[in-house]
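Colleague: Input: one structure, supplied below.
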Amino acid sequence: GWIGVIAASEGSVTLHADAGRALARIAKSTTPTTLRVVIAQGTANDIDAVTSWFRTARPLADVQAFTRPAGRRWPEKITTQGELGTGAGPLVIDTLTVPYDNPYRALMFLSGVDFLPNGEIAVCTAHGDVWLVRGADAQLKELTWKRFATGLYQPLGLKVVDGKIHVIERGQLTRLHDLNHDGEADFYQNVNNDWHTGNGEHSFDTCLETDPQGNWYFFKTGDTDTPTGGCLMRVSADGAKAEVFATGFRHPIGLGMSPTGVLSGADQEGNWMPATRIDLYRQGGFYGDMRAHHRATPPTIYDGPLCWLPREIDNSAGGQVWIPAGQWGPLGGQMLHLSYGRCKLLLVFRQQVEGIVQGGAYDLGLFFLSGVMRGRFRDADGCLYVAGLRGWQTAARRDGCLQRVRYTGKPLACPIGLQVHANGFRVHFTDKLDPASVGEVKSWQIEQWNYRWTADYGSRRWSVTRPEQQGQDPIEVHSVTLADDAKSVFVRTATEVRPVMQYQLRYQAKTATGQPVVGVLFGTIHQPAPAVP
């Protein structure tokens with residue numbers, strides 16, 4: 001067989017045979033040259049005859065026509081009416097109603113969300129679509145949904161950069177271009193696909209975040225037999241280079257990036273994951289799954305998490321998002337965690353002791369329609385917009401959701417900070433507390449336990465004082481004191497506080513105005529701070 005090349009103009013291309021190959025020489029030109037490549041069976045002696053026949057019988061097509069944007073393919077205007085949240089609390093959930101019933105019979109399992117410069121909301125779905133949503137005003141009376149792209153391969157993360165929508169597909173980071181500005185993508189550009197993928201269980205590419213330098217981050221889950229399986233990947237801002245940033249991941253579906261470049265994420269309870277864990281990542285770190293350590297010498301321990309989370313608070317983790325400074329009252333600047341499994345929103349606490357970071361989490365008491373994985377704050381209204389789906393095990397009630405959390409300005413009456421000391425726990429609250437209610441020792445209860453890091457699916461709870469026995473150990477509370485500002489409580493323990501994988505601190509008090517303050521904090525201790533006098 002051989003290959004023939006037909007040129008649009010005589011003399012612009014010359015052909016000759018060379019050791020069984022057909023070589024084409026393209027003449028230098030200041031104008032574009034259109035070529036047709038013909039594959040045919042024959043010998044070198046047949047090239048001229050076949051080429052001449054194709055040139056006369058099959059005129060060259062207008063190649064430029066193939067690169068011009070097509071007309072609209074999805075002209076239908078799909079509208080829904082949103083629903084404003086009710087209640088007298090400080091945080092309420094508004095629902096941007098998803099068009100589950102649509103003309104394309106598209107499945108609406110939402111897997112990413114971000115905002116375009118013109119105010120539109122962009123969302124992607126796990127089954128391959130990107131939609132644009134208009135009308136997200138204060139009342140949500142009319143929301144317009146417009147299909148922007150389809151045919152994508154399991155996009156499980158979306159990020160708008162320089163006004164362009166980007167999605168992470170299974171095996172590719174893709175930039176979507178609307179060349180004729182008609183609200184539909186005309187060109188899907190491959191930014192980078194230099195990593196491995198396969199057909200293994202949960203072999204997805206999940207999340208999509210960028211750091212202040214513009215580098216891209218996402219997880220490659222599953223396929224641990226490949227060099228990039230079970231890894232956190234980084235792609236350079238220009239798309240030229242893909243590299244492994246960290247290893248040892250099971251099936252994470254949530255990332256987060258702070259304004260200053262702190263990269264966070266969470267992995268799910270399962271094999272080599274004793275419980276759900278929230279992490280702050282470092283380059284070169286190993287985060288637990290021995291099937292994906294990718295090291296010449298197997299590690300003997302993992303990088304410690306920011307905190308572990310027991311199943312009752314989060315059985316399957318989503319991503320993280322940081323509240324902008326100055327937003328949401330006293331919560332401004334804090335870190336939030338989305339629970340895919342429990343459809344919840346958690347406030348995350350961080351403490352650094354001698355360079356070691358540890359923390360805890362608190363359930364803010366919200367319940368979403370689906371398993372929320374992605375969250376982003378919108379500058380236009382200061383609300384947190386979340387997207388989620390119902391896929392793996394979750395408490396979700398709908399296939400997917402697009403909702404927003406709105407701060408009403410009402411008193412929060414919740415913890416806002418947590419520090420662990422060698423002789424107790426200091427908890428900071430948003431509101432002043434009633435001294436009489438705080439001082440009741442029986443209203444503050446602490447328990448602790450450890451997990452076992454093994455290839456088993458998850459871990460039972462194991463006693464700290466009796467490591468071979470299952471169970472939780474109580475920590476006796478000696479006294480509870482309220483600071484002069486009436487917002488900070490120190491829970492002094494009767495025994496020394498030591499490192500532990502998991503503790504829970506239950507409390508019951510009242511604000512200075514008599515409002516109940518009841519809750520539970522879950523945390524991890526790597527290194528207690530010095531004792532409080």
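The values are calculated or read from the model by the stated rules, or taken from the named source; none is laboratory data. Worth saying up front: this structure is predicted, and the values here are computed from it rather than measured. Note that each Cβ is placed from the backbone with ideal geometry, even for glycine, and that neighbours are counted across all protein chains shown. Surface accessibility is based on the protein's heavy atoms, side chains included, excluding ligands, DNA and RNA. Shrake-Rupley method; radii C 1.70, N 1.55, O 1.52, S 1.80 Å.
Colleague: Test of the criteria: in the range 197-265, which GluC sites (Glu not before Pro) are in a DSSP loop and have at most 15 other Cβ atoms within 10 angstrom of their Cβ? Mind dumping the intermediate values first?
Modeller: Values: sites: 201, 209, 243; in loops: 201.
Passing sites in the range 197-265 are 201.
Colleague: In addition: Express the relative contact order of the range 287-394 as a whole percentage, based on alpha carbon pairs under 8 Å and six or more residues apart in sequence. Let's see the in-between values first.
Modeller: Details: 201 pairs, mean separation 23.5, N = 108.
Dividing the mean separation by the residue count of the range 287-394 yields 22 percent.
Colleague: A follow-up question, please. Please work out the C-alpha center-to-center distance from the range 412-460 to the range 171-234 and express it in whole Å.
Modeller: Measuring centre to centre over Cα atoms gives 39 Å.
Colleague: Work out the FRET efficiency for residue 531 and residue 88 from their Cβ-Cβ distance, taking R0 = 30 Å, and round it to the nearest 0.05. Walk me through the numbers on the way to the answer.
Modeller: Working: r = 41 Å, r/R0 = 1.36.
With R0 = 30 Å, the Cβ-Cβ based efficiency is 0.15.
Colleague: At a 10 angstrom cut-off on C-beta neighbours, averaged per residue, how do the peptides 308-320, 352-364, 291-303 rank from highest to lowest?
Modeller: Ranking, from highest mean packing down: 308-320, 352-364, 291-303.
Colleague: If you don't mind, there's one more thing I want to ask. Roughly speaking, to the nearest percent, how much of the range 409-533's 1.4 Å accessible area is carbon and sulfur?
Modeller: Values: 3080 of 6070 Å².
Carbon and sulfur atoms account for 51 percent of the accessible area of the range 409-533.
Colleague: Let me ask another. Could you sort 178-190, 252-264 so that the peptide with the highest average Cβ count within 10 Å comes first and the rest follow in order?
Modeller: On the way: 178-190: 14.9, 252-264: 20.2.
Sorting 178-190, 252-264 by mean packing, highest first, produces 252-264, 178-190.
Colleague: Next question, about the same structure. Compute the long axis of helix 47-57 from its Cα atoms, compare it with the longest principal axis of the Cα atoms of the chain, and write down the angle in degrees, 0 to 90, nearest 10.
Modeller: Helix 47-57 sits at roughly 80 degrees to that axis.
Colleague: Estimate the FRET efficiency between residue 483 and residue 186 by the formula 1/(1 + (r/R0)^6), using the beta-carbon distance for r and 51 Å for R0, to the nearest 0.05.
Modeller: On the way: r = 61 Å, r/R0 = 1.19.
Result of the calculation: an efficiency of 0.25.
Colleague: Now for a separate question. Over the Cα atoms of the chain, what radius of gyration and what Dmax do you get, in Å?
Modeller: 28.5, 103
Colleague: Near residue 159, which lysines are there with a Cα under 28 Å away, not counting those fewer than 8 places off in the same chain?
Modeller: Once the sequence-local lysines are set aside, what remains near residue 159 is 77, 141, 146, 220, 241, 344.
Colleague: Take peptides 191-200, 225-234 and line them up by average Cβ neighbours within 10 Å, highest first, as a rough protection proxy. The partial results should precede the final answer.
Modeller: Details: 191-200: 15.8, 225-234: 20.5.
Result, highest mean first: 225-234, 191-200.
Colleague: While we're looking at this one, here's another question. For the range 146-192, which whole-number percentage of the solvent-accessible area (1.4 Å probe, protein heavy atoms only) is attributable to carbon and sulfur atoms?
Modeller: Numbers: 810 of 1700 Å².
C and S fraction of accessible area: 47 percent.
Colleague: Also, I was wondering about something else. Hey, which lysines would be in cross-link range of residue 432, C-alpha to C-alpha under 16 Å, not counting anything within fewer than 8 residues on its own chain?
Modeller: List returned: 410, 487, 510.
Colleague: Also, quick follow-up: When ligands, DNA and RNA are left out and all protein chains stay put, how many square angstrom of accessible area per residue does the chain have with a 1.4 Å probe? Could the numbers behind the result be given before it?
Modeller: Numbers: 23660 Å² over 533 residues.
Dividing the accessible area of the chain by its residue count gives 44 Å².
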